[in-house]
Each structure stands twice: as C-alpha cells, then as structure tokens.
Amino acid sequence: MTATVQLSHQKKSAAPTDMYEKLRPKSKRLRNRSLILGVTGIVLGLLIWQILASSGVVSSTFSSSPIGTAGALWTMLTNGTLWAPVAATLASFGIGMAISIVFAIPIGLILGRAPVLRELVDPWINILNSVPYVVFLPLIIFWFGIDETSRIVLVVWSAAVPLLMSTIGAARNLDRNYMNVATVFSASRGYTLRTVAFPAILPYILSGIRLAVGRGLVGAIVAELFLGAVGLGSLVQVQTSNFEMDEAMATVTVIAIIAILINQLVGLVERRFAYWADSS
Amino acid sequence: MNDSSALLEVRDLKLGHHSKRNGKLSLAVSGLDFDIRKNELIVAVGPSGCGKTTFLKAVAGLHPVLSGELKLDGKQITGPGVDRSMVFQDSSLFPWLTVMENIVYGLKAQKRYDAAGKARAEWLLDLVGLAGRGKAHPSELSGGMAQRVNLARALATDPELILLDEPFAALDAQTREVMQEELLRIWQSGGATAGKTAIFITHDVYEAVFLADRVVVFSAGPAHVAEIVDVTFDRPRSPELKRSPEFLRQADEILSLVMSQSWAKERMVTA
C-alpha cells in the first residue's frame with residue numbers, strides 16, 4: 001500500500017529533477033528485466049506448443065508446430081511465394097494509412113477548435129466509432145467493387161476514426177497557457193496553429209496514429225479475408241482450406257512480425273518528435 | 001500627475017467574467033482608476049482573487065473591457081499588440097522548442113526576426129545569465145532558469161509595456177529572492193531594457209516594495225484602487241535594502257493595507 005503511494009508520488013514529480021535522474025537506472029533495469037522475461041515467455045510458449053504437437057496430445061495436422069512453421073516459413077521465404085502477398089497487404093495498408101493521416105489530422109484539428117462544427121459532427125463520429133466497421137464491408141464492396149479500392153477504403157474506415165477522435169480530443173484539451181503566449185505576441189491564427197497548437201498536440205496525435213496503425217492493419221487483413229485478393233489475409237485463408245497448417249502458421253507469423261515492426265516504427269517516431277512529452 | 005507622460009491610462013475601468021453555468025456576470029474590476037507613467041515599474045498587490053490578474057490580462061488584450069477607459073499611448077486597448085508582452089506565471093515555455101527558440105518566438109510571430117533580432121536575443125540570453133544554454137530544452141531547466149527564459153522572451157520583442165503575472169510565485173523562497181535581484185539588475189542594466197515600463201503583479205509585499213516605483217494596492221474584489229504608495233528608495237537597489245528599517249516600515253504599511261482589504265472582504269462575506 002505504502003509502496004504504491006510512494007510510487008505515484010514519484011511519478012507526479014517526474015519532471016527533470018534530480019530525483020528523476022536517480023530513478024533512471026532503476027527503470028532501465030526494469031526494462032531489461034521485462035525484455036528477458038518477455039523472450040523467456042515466448043520461448044516457453046513455443047516449447048509447450050512443440051511438446052504438445054510432438055507427443056500427439058494435439059494433432060499437428062490441425063495445430064502445426066513451431067518446427068513445422070519455421071520450416072514452412074523458410075520455404076516460403078526462399079521460393080518467393082511470400083513477397084507478392086506481403087507487398088499487396090503493405091500497399092493497401094500504406095495507402096490507407098496515408099489517406100487517413102492526411103485527412104483525419106487536419107479535420108480533427110479544425111473540429112477540435114470549432115465547438116459548433118464539432119457538436120454537429122460528433123454523433124456521426126460516435127456512430128462510426130461504435131458500430132463495428134466490418135459490418136460496412138458488404139456496402140463498401142457494393143460501392144467500390146472487389147479490387148484494391150475497397151481494401152483501401154476499409155483501411156481508411158478503420159484507421160481514420162480513432163485518429164480523428166484522438167486528434168479532436170487533443171485539440172480540445174490544448175493547454176490555454178500555450179495559446180495565451182501566442183495571443184499575447186500577436187501571432188496570427190495560422191502561425192499559432194502551426195507553431196503552438198500542432199506541436200503541443202503532436203504527442204496525442206502520434207498515440208492516435210499508434211492506435212490507427214493497429215486498427216488499419218486489422219482492416220487490411222479483414223478486407224483480404226472477405227475479398228480473396230492477393231494478400232497475407234487471403235493467403236492464410238487459402239492455406240488453411242488446403243490443410244497447409246505449417247504454411248498458414250508461417251503466414252500468421254509474418255503478419256505478427258510486420259505488425260510488431262510497424263508498431264516499433266511508430267514508437268521510434270514518437271520518441272523522435274515527442275521526446276519532450278513525459279508520456280510515451 | 002503629469003498627464004503627458006502617462007503611458008497607460010485607466011479610467012473607471014470595469015472588467016468581469018460571465019459564469020459558464022448561468023451566464024451571469026461577476027465583476028472582477030470596477031471603478032479602477034490610475035495612471036502609469038513611462039519607465040515606471042508598477043507593482044500591483046491586493047487580496048487574493050481581487051482581480052489583479054484579470055486586470056493584467058485586460059492590459060495584455062486577453063480579456064475584454066466592459067466599460068471605462070484602458071488607454072495605452074492614448075489608444076483604447078481592444079486586443080493584444082506588439083507594444084506589449086507578458087511574463088507568465090509558470091510552465092508557459094514551449095517544451096518542444098529550445099531555450100533560444102523560445103526567446104525569439106515573439107519576434108518570429110511578429111515577422112521581425114532578422115539579424116538585429118538575433119543579436120538582441122543572444123544579448124538577452126547572456127543578460128538573463130543563461131549564456132551557452134540556448135540549445136537546452138525547457139525540461140532541462142530549473143524553475144528559476146525557466147522564468148529567466150520567460151523574461152528574456154518577453155523582452156525580446158522590445159515592447160513598451162511588460163506585464164508580469166506573479167512570475168516568481170511558483171519558485172521556492174531562495175530562488176525568488178535571487179530572481180528579484182536579477183530582475184532589478186536586468187531592469188537597471190540599460191541597453192535594450194532601458195526605458196521599459198512594467199506592471200508586476202504579486203501577493204508578496206516585500207517583493208512589491210523591493211521592485212516598485214509605486215505600489216498600487218487593489219481593494220477586495222471587484223477591485224478598485226485602495227491606495228497608491230510611492231516607493232522612493234534610490235536605484236540601483238541592492239539586496240541589503242530589504243533589511244533596512246525604512247524598507248520594513250513601508251512593507252508593513254502595505255501589508256496592513258492589503259490585510260484590511262482582506263478583512264473588509266471577510267466581513268462582507270459573513271455579513
């Protein structure tokens with residue numbers, strides 16, 4: 001009890017004081033520990049999976065096995081069957097994310113600063129956020145066909161809404177102090193937006209992007225499952241229906257690696273451009 | 001009072017806030033009436049919540065005037081202007097900019113950042129005692145250092161009138177003393193800070209007497225002028241002044257003025 005109280009107190013004064021410096025090495029140690037434990041957990045999980053499959057407790061026809069998956073992954077990497085699906089998935093995801101970022105952030109900024117407009121649009125954003133977007137997929141196919149366009153639309157549909165919402169929230173809660181400084185110095189509206197409002201809310205936008213990236217990737221894969229186009233999602237489906245469980249698991253592994261890499265990339269961008277915000 | 005040298009004229013000023021809940025107007029300042037001369041360092045003190053900060057915000061152009069005159073150089077203040085700048089209480093430095101970028105922010109916002117502006121900013125960095133720290137980020141600064149940057153930022157645009165809203169209130173007692181002396185040193189240094197007029201708001205009467213040419217004591221809210229006290233100590237003033245009997249006598253006088261305003265308010269509330 002007392003320990004948690006102390007911890008939260010330390011967090012409160014986690015500004016650039018000496019105390020924070022003293023805490024640093026400890027937190028680094030904790031980070032190392034969590035890394036080691038994390039890797040150990042993965043290895044343990046794979047080991048249990050392998051033992052269950054090898055001993056026949058579960059049928060490897062259905063469950064594959066770590067060794068089988070690794071073998072299939074190696075084959076797919078060397079014979080080149082993996083690259084086209086990876087490229088297709090990344091293309092629709094990338095284009096969709098770019099569109100989401102280009103539109104959701106400026107619109108979010110404007111809605112955040114214009115209460116009347118925001119209250120007008122708010123119910124629509126709430127509806128889009130609350131209704132599972134997958135349900136719109138048949139409609140999207142009906143509107144945009146079954147090719148690339150529909151897949152991109154679904155990525156945008158899934159990624160833009162969380163990004164829009166976090167941008168609006170950030171712009172709404174913009175620190176009055178910062179804005180007052182710009183006002184006192186007679187900065188124009190545009191200059192204030194660019195030099196104060198935008199950097200002040202950038203950390204929140206970046207965490208919105210982190211959220212959007214996760215959702216967008218789901219959108220890209222779900223679209224492929226439905227549309228049966230070239231891509232990692234449809235590849236898993238085809239492989240599973242052919243009872244190629246090793247290959248299917250290998251493809252899932254690739255999706256997992258891509259997801260983790262993209263998340264790491266966003267984390268890197270966050271540390272580069274929002275280094276001054278203490279939440280990260 | 002020689003009217004021709006008045007920089008800021010305050011006549012029967014009325015300021016207020018509209019309540020967010022019911023839209024009812026509550027007055028912060030009413031019937032405020034005094035002048036500020038050029039080159040004067042005016043310190044405003046008063047009971048807490050009396051409307052000092054609202055008054056300062058109105059001068060900065062951040063708060064609308066309900067009625068009365070609030071004239072800078074003979075012109076009614078209707079919004080912010082390049083002739084004024086403000087030193088904020090705390091945490092108003094932009095954490096995503098370096099110290100130097102913070103200092104030149106006003107110049108850049110007013111499209112006046114040129115070679116002269118750059119030189120001025122360098123000079124100010126040096127003046128506030130942060131030479132060589134221009135590339136640091138605000139998160140690396142102590143509270144006192146942050147307020148030095150805040151002061152340099154306000155001076156960088158070369159305003160006619162500087163508004164200081166309890167700039168040292170969040171600092172610890174020791175740092176506050178140092179910063180008061182620093183402020184006077186900067187004030188008295190001449191050069192780019194010469195000829196500046198300032199309004200400084202505080203609740204610390206010792207700070208007020210140490211810094212001010214005149215101390216304006218605000219009444220309990222809605223504020224009007226309860227008393228204006230001339231502080232005639234010679235400049236440059238040194239820290240030793242704070243221990244002189246005359247200094248303490250004057251601080252006591254102002255303290256009792258402020259306290260009587262607070263009591264008046266208490267009585268009003270209980271009555």
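Laboratory data are not the source of any read-out in this text; all were calculated from the coordinates shown. These numbers come from a predicted model, not from an experiment. Here the Cβ positions follow ideal geometry from the backbone for every residue, glycine too, while neighbour counts run over all protein chains shown.
Could you give the length gained by full extension between A:Ile42 and A:Leu139, i.e. 0.36 nm per residue of separation minus their alpha carbon distance, to one decimal place?
30.9 nm
When chain A is modelled as a GNM with alpha-carbon springs shorter than 10 Å, which of A:Leu154, A:Leu47, A:Leu211 fluctuates the most?
A:Leu47
Springs between alpha-carbon pairs under 10 angstrom, Gaussian network model over chain B: which of B:Asp165, B:Asp114, B:Asp12 fluctuates most?
Residue with maximal mean-square fluctuation among B:Asp165, B:Asp114, B:Asp12: B:Asp114.
Does chain B come out rounded, prolate or oblate by the C-alpha gyration tensor, with a ≥ b ≥ c the root eigenvalues, rounded set by a/c under 1.5 and, if not, prolate when a/b is larger than b/c and oblate if not?
prolate
So how far apart, in nm, are the two label points at A:Arg33 and A:Ala256 if each is 7 Å from Cα heading toward Cβ?
Each label point is offset 7 Å from its Cα along the Cβ direction, giving 2.6 nm.
Taking a cut-off of 14 Å, what percent of all Cα-Cα pairs in the stretch B:103-178 are separated by more than that?
Of the Cα pairs, 63 percent sit more than 14 Å apart.
Taking Cα atoms, how many degrees apart are the long axis of helix A:232-241 and the longest axis of chain A, rounded to 10 and kept between 0 and 90?
Rounded to the nearest ten degrees, it is 30.
Using the Karplus curve 6.51 cos²θ - 1.76 cosθ + 1.60 with θ = phi - 60°, work out ³J(HN,Hα) for each residue of the stretch B:38-45 in order, rounded to whole Hz, and write x for Gly and Pro.
4, 6, 8, 10, 9, 10, 9, 10
Quick one: which residues, 5+ away or cross-chain, put their amide H under 5 Å from the amide H of B:Ala28? H built at 1.01 Å from N.
Those lying under 5 Å, H to H, from B:Ala28 are B:Leu15, B:Gly16, B:His17.
How many nm separate the modelled label positions at B:Asp126 and A:Glu119, each set 7 Å beyond the Cα in the direction of the Cβ?
Once both label points are built, they end up 5.5 nm from each other.
Only residues of the stretch B:27-71 count here: report those whose backbone N is under 14 Å from the spot 7 Å along Cα→Cβ of B:Phe233, or say none.
Those under the cut-off are B:43.
Please label the shape of the stretch A:21-97 as rounded, prolate or oblate, based on the square roots a ≥ b ≥ c of the eigenvalues of the alpha-carbon gyration tensor (a/c under 1.5 means rounded; beyond that, a/b larger than b/c means prolate, else oblate).
Oblate, because a/c is 1.5 or more while a/b does not exceed b/c.
Return a whole-number percent for the relative contact order of chain A, with Cα pairs under 8 Å and 6 or more residues apart as the contact set. Numbers along the way, then the final one.
Numbers: 261 pairs, mean separation 64.2, N = 280.
Taking the mean separation of contacting Cα pairs over the length of chain A, I get 23 percent.
Based on the mean of other beta carbon atoms within 10 Å per residue, what is the order of A:83-92, B:100-109, most packed first?
B:100-109, A:83-92
Where the convex hull is taken over the Cα atoms of the stretch B:178-268, what is its projected area averaged over directions, in nm²?
Hull-based average projected area comes out at 6.4 nm².
Between beta-carbons, use under 13 Å as the cut-off and find the net charge around A:Ile110, counting Lys and Arg +1, Asp and Glu -1. Spell out each step's value before the answer.
Details: positive: A:Arg113, A:Arg118, A:Arg172, A:Arg189; negative: none.
Counting the neighbours of A:Ile110, the net charge comes to +4.
Tell me the angle of helix B:245-270 to the major Cα principal axis of chain B, expressed in degrees between 0 and 90 and rounded to the nearest ten.
The two axes meet at around 50 degrees.
Give the separation of the Cα centroids, the stretch B:114-165 to the stretch A:154-221, in Å.
Rounded to whole Å, the Cα centres lie 29 Å apart.
Can you work out ³J(HN,Hα) from phi for every residue in the stretch B:120-134, in order, using Karplus 6.51 cos²θ - 1.76 cosθ + 1.60 and θ = phi - 60°, giving whole Hz and x for Gly and Pro?
4, 5, 4, 5, 5, 4, 5, 4, 7, x, 10, 3, x, 9, x
Treating only the Cα positions of the stretch A:175-280 as identical point scatterers, give the base-10 log of I(q)/I(0) from the Debye formula at each q in 0.15, 0.18, 0.20 Å⁻¹.
-0.74, -0.89, -0.99
Counting each pair of different Cα atoms once, what's the Kirkwood radius of the stretch A:77-273 in Å, rounded to one decimal?
18.3
Over the stretch A:204-249, what is the mean sequence separation of C-alpha contacts under 8 Å (at least six apart), divided by residue count, expressed as relative contact order in percent?
Averaging sequence separation for qualifying contacts and normalising by length gives 21 percent for the stretch A:204-249.
Could you give the nm distance between label points at A:Thr78 and B:Arg21, where each point is 7 Å from its Cα heading toward the beta carbon?
Reported label-point gap for A:Thr78 and B:Arg21 is 7.6 nm.
Which residues among the stretch A:255-273 fall inside the zone where the amide N is under 19 Å from a point 7 Å beyond the Cα of A:Ala70, along Cα→Cβ?
Within reach of a label on A:Ala70, which here means backbone N under 19 Å from a point 7 Å along Cα→Cβ, the stretch A:255-273 contributes A:255-258.
Over all alpha-carbon pairs of the protein assembly as shown, lay out the pair-distance distribution in 10 Å bins, whole %, shortest bin first.
3, 14, 19, 19, 15, 11, 8, 6, 3, 0, 0
For A:Val269, put the label point 7 Å out on the Cα→Cβ axis and report which residues of the stretch A:178-212 keep their amide N under 18 Å from it.
Counting only backbone N, you get A:198-212.
How long is the gain from A:Asp147 to A:Ile51 if the chain were fully straight, where each residue apart is worth 0.36 nm and the alpha carbon distance is subtracted?
Using 0.36 nm per residue and subtracting the Cα-Cα distance, I get 30.3 nm.
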